[in-house]
Amino acid sequence: PAAYWRLYQLFLLGLFLLGVGLAILQSAANPYVTIVGPIESAAKRMSIVGTGNKLAGVIANLIFAGVVIRESDKVLMREIESGLYTGATLETALDTLIKGVMTPYLILAIALFIFGIVVRYSALPELDPSVVNKRSAEDESSQKSIFQYPALILGVIAMFFHIGTQMIALATSIQYAGTMGESLAGPAKNIPSYTMLLTFLGYFIGIILIPRYLKQRNALLICALLNLSLSVLIISTSGTVNFLGITSDISIWYLVMMGLPNALLYAGIWPLAINGLGKHTNLGSAFLVMALCGSAFMPMIYHSLVELNSSLSPFAAMKYAYWILIPSFAYIVWYAAYGYRIRSWKKSEV
């Protein structure tokens with residue numbers, strides 16, 4: 001309907017409904033993956049899910065770019081942008097362009113509906129979090145509210161920082177390269193892809209090592225420490241390097257390298273945060289999903305820091321704004337080392 005009537009409000013409603021669906025899906029799927037097996041290997045299962053999630057994102061974008069935006073559509077878009085059409089002819093051209101999304105999205109909707117039916121009647125075991133993810137009966141009776149679980153609340157903050165810093169690394173890297181004189185249409189445009197490639201590698205490392213060779217809590221601590229170290233290097237080091245056809249300051253490659261340890265931060269925080277929530281498991285998972293708004297707020301804070309340093313060169317302003325990464329990863333290090341063990345807000349109970 002949004003494409004048929006070409007109404008912004010309907011598109012916004014459609015995107016909102018997609019967001020609601022994704023939030024509900026993650027609130028149900030992530031805790032299921034976490035507690036469907038031993039909690040000690042939850043990060044491994046989350047890493048497997050992560051590879052599918054990221055791979056699907058890449059493939060879906062390529063497919064839809066090829067199916068929805070055809071070559072004739074690209075020509076039409078260029079003609080519209082050049083001002084070739086006006087009045088009724090412009091409306092007709094816009095109608096032609098936007099209606100191209102109708103059939104692909106209708107097919108996608110039908111496919112997702114069928115997949116939902118398959119999941120509904122599949123042989124997946126029904127899990128009761130109040131049974132498979134609870135602590136002692138004493139804890140269950142004394143902790144009536146979700147806010148009485150410090151490990152969760154502190155984990156939500158850790159997730160907020162993780163998702164926010166991950167988005168900063170992805171969203172600012174091309175612009176940061178541009179301040180070094182790199183053309184945004186040249187090899188620098190591939191920098192986010194290099195970051196995502198390292199994230200894929202990080203997932204596979206987690207699948208191989210956790211929990212047989214590395215405890216998931218230790219993996220989280222090591223990865224957080226790595227990113228903290230890389231953050232310090234971004235701020236403190238300088239030097240021109242030529243790598244993969246990109247001539248830039250070495251600090252941008254430290255930013256790219258964050259993709260590797262970032263893979264296991266999400267997988268590491270999740271099981272530590274919801275472990276032992278019992279009947280509150282699904283609600284706690286919803287809180288963690290809400291923490292994904294860090295990808296919206298943290299880049300805004302970063303760009304505010306860039307503006308505060310507007311008297312400096314664009315390169316220096318962006319470089320110093322990466323200071324925001326240091327306290328964020330320092331907090332995640334603290335959570336992995338100590339925060340996840342806090343059982344009560346009272347100082348004596350850890």
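Every read-out reported here was derived from the displayed coordinates using simple, explicitly stated rules and does not represent laboratory data. Small disclaimer: the values here were computed from a predicted structure and weren't measured. Here Cβ is always computed from backbone atoms with ideal geometry, including for glycine, and neighbour counts include all displayed protein chains.
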Fill in: Distance in nm between pseudo-label sites at Tyr105 and Leu7 (7 Å out along the Cβ direction from Cα)
1.3
Worksheet, complete the sentence: Under the rule rounded for a/c under 1.5, else prolate if a/b exceeds b/c, else oblate, using alpha carbon gyration tensor axes a ≥ b ≥ c, the stretch 71-120 is classed as prolate
Worksheet item: With labels modelled as points extended 7 Å from the Cα through the Cβ direction, what inter-label distance (nm, one decimal) is found for Gln175 paired with Thr89?
Response: 3.8
Response to the item:
Note: the chain at 37 °C, 0.692 mPa s; Kirkwood Rh on alpha carbon pairs; Stokes-Einstein D in µm²/s works out to 145
Worksheet, complete the sentence: Residues meeting the amide H criterion for Phe243 (H placed from the backbone, H to H distance under 5 Å, 5 or more places apart or on another chain) are Ser248
Worksheet item: Could you list, bin by bin from short to long, the percent of Cα-Cα pairs of the stretch 135-341 in 10 Å steps?
Response: 9, 32, 33, 17, 7, 2, 0
Practice prompt. First check a/c for the stretch 1-117, with a ≥ b ≥ c the square roots of the eigenvalues of its C-alpha gyration tensor; if it is under 1.5, answer rounded, and if not, answer prolate when a/b is larger than b/c or oblate otherwise.
Written response: prolate
Worksheet item: Stretched out fully, how many nm does the piece from Ser82 to Phe297 gain, at 0.36 nm a residue minus the Cα gap?
Response: 73.9 nm
Worksheet item: Which order, highest average first, do 115-124, 21-30, 70-79 follow once you tally other Cβ atoms within 10 Å for each residue and take the mean per peptide?
Response: 21-30, 70-79, 115-124
Practice prompt. Take the Cα radius of gyration of the stretch 211-257 and divide it by 2.2 N^0.38 Å, with N its residue count; two decimals is plenty.
Written response: 1.49
Worksheet item: In which sequence would Thr89, Thr247, Thr34 go, from the one with the fewest C-beta neighbours within 10 Å to the one with the most?
Response: Thr89, Thr247, Thr34
Worksheet item: Using a basic spin-label model with each label point 7 Å from the Cα along Cα→Cβ, how many nm lie between Ser238 and Thr96?
Response: 5.4
